[in-house]
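First the structure, in the form of structure tokens, and then the observations on it.
The values are calculated or read from the model by the stated rules, or taken from the named source; none is laboratory data. This one's a predicted model, so the numbers in the text were calculated from it and none came from an experiment. Glycine gets a Cβ as well: all are built from the backbone with ideal geometry, and neighbour counts include every protein chain shown. Quick note on the areas: whole protein, heavy atoms, side chains included, nothing else; ligands and nucleic acids left out. Shrake-Rupley method; radii C 1.70, N 1.55, O 1.52, S 1.80 Å.
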Amino acid sequence: MAAGIGTPWTDQRAVVAALEAGTPLMEAAPFEGRSRFEIMPGGIVGWWLDGRLTADLTLRHVMDDTVSIQFVQTGGGRRRITAHGTERHGGGTLYIGLFPAGSRQIRRWRAGRPIRYAAFWVPPAHAAAVLFPDRTGRLPAFTDLLNGGLEAPFGLSVTMTPAMHAVMDALIDGPPRPAALARAYESLKLHELMIEAAGVMAAAAGPRRAADGVPARTRHEMQIERAADILRRELADPPGFRDLARRVGISHNRLAAGFVARFGCTPHDYGKRHRMQAARRMIREGRHGLVDVAALVGFSGQAAFGRAYTAFFGHPPGADRRAGVGRRAGVGRRAGVGGRERAIRP
């Protein structure tokens with residue numbers, strides 16, 4: 001890693017060579033905290049960071065053919081539950097990128113913000129042999145990368161599941177161990193994170209198919225679809241997370257993981273998205289006042305609804321109400337309602 005706040009374009013192979021030579025990459029970076037880099041079997045580069053930057057940092061890499069996997073926990077969402085001595089996290093994102101040789105990757109971090117991060121560079125051949133031995137579970141873009149046919153970087157991101165957070169916490173916050181044992185333990189946890197990422201990529205590749213070509217739906221998949229249907233229908237009184245899991249007969253951890261794999265978000269985010277979209281449709285249609293709309297999508301008051309609506313869409317409900325009024329007025333004018341214009345016959 002080059003010194004400075006903004007690094008020049010650096011070839012990924014040069015970074016790997018520096019690691020293989022034992023170069024301490026973080027010493028020149030404006031970083032305070034703990035870090036670990038490791039060359040793993042199969043040519044995988046794995047690392048984790050836990051700390052903060054003392055200055056803004058931009059890293060620029062010219063990539064080789066690579067599967068890039070990044071787990072980023074939201075530092076601001078952490079809190080300690082002292083009664084149990086465990087860490088909980090308010091959020092986090094898994095980023096997966098497929099980079100053909102010669103493409104460029106830029107990563108930026110802001111000074112002062114916590115960095116709690118684990119990442120990998122995985123050679124495509126190793127990913128194919130170890131993570132995706134079944135060709136039917138591969139993303140088409142991954143197959144293109146493996147065959148040299150991927151022309152531009154491909155990326156996807158999902159909210160981290162509780163299982164991912166648990167592995168990250170065990171990796172970074174685990175108790176002290178003798179050096180040799182610590183290295184083996186960290187390697188194990190890094191491999192667990194890669195397996196979690198492989199599951200996300202396999203889910204993104206699409207449903208498995210039975211011998212007759214019809215998508216094969218497992219009991220777990222049907223439970224996730226049933227939970228999603230409940231969230232879409234019960235907008236006014238959405239069930240809590242654990243109650244939803246109980247109603248469809250699944251553990252809350254498997255429910256969360258299933259939603260991330262199927263929809264790319266948590267059950268809470270999925271339900272909120274549908275509630276907000278339903279609210280927007282009702283506001284634009286103009287048949288209900290804002291107080292009624294708020295109640296119909298599960299809010300006890302207009303003020304709380306207005307704040308949630310503005311946070312979700314970036315503007316208050318009134319803006320969509322005015323847009324709906326204008327749209328209906330335009331339709332009325334074109335149809336000759338309340339004015340002199342007549343409908344134009346086809």
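On the stretch given as the range 27-39, residues that are surrounded by 16 or more Cβ atoms within 10 Å (Cβ to Cβ) and within 16 Å of SER68 (Cα to Cα) total 1.
Determine whether ARG321 is open to solvent by less than 70 Å² (accessible area, probe 1.4 Å) and either modelled with pLDDT of 90 or more or more than 25 Å from the chain's Cα centre (by Cα) (or both). Spelling it out, ARG321 is indeed open to solvent by less than 70 Å² (accessible area, probe 1.4 Å) and either modelled with pLDDT of 90 or more or more than 25 Å from the chain's Cα centre (by Cα) (or both).
When each of PHE154, PHE120 is tested for being in contact with a strand residue (DSSP E or B) (Cβ under 9 Å, 6 or more places away or on another chain), within 13 Å of SER68 (Cβ to Cβ) and buried (at least 21 other Cβ atoms within 10 Å of the Cβ), the lone residue that passes is PHE120. If we scan the range 75-89, do we find a residue that is within 24 Å of TRP121 (Cβ to Cβ) and modelled with pLDDT under 65? Looking for residues that are within 24 Å of TRP121 (Cβ to Cβ) and modelled with pLDDT under 65, one finds at least one in the range 75-89, hence yes.
Just so you know, in the range 278-315 the residues that are within 29 Å of the chain's Cα centre (by Cα) and of a type in the set (D, E, K, R) include one that is least open to solvent (accessible area, probe 1.4 Å), and it is ARG280.
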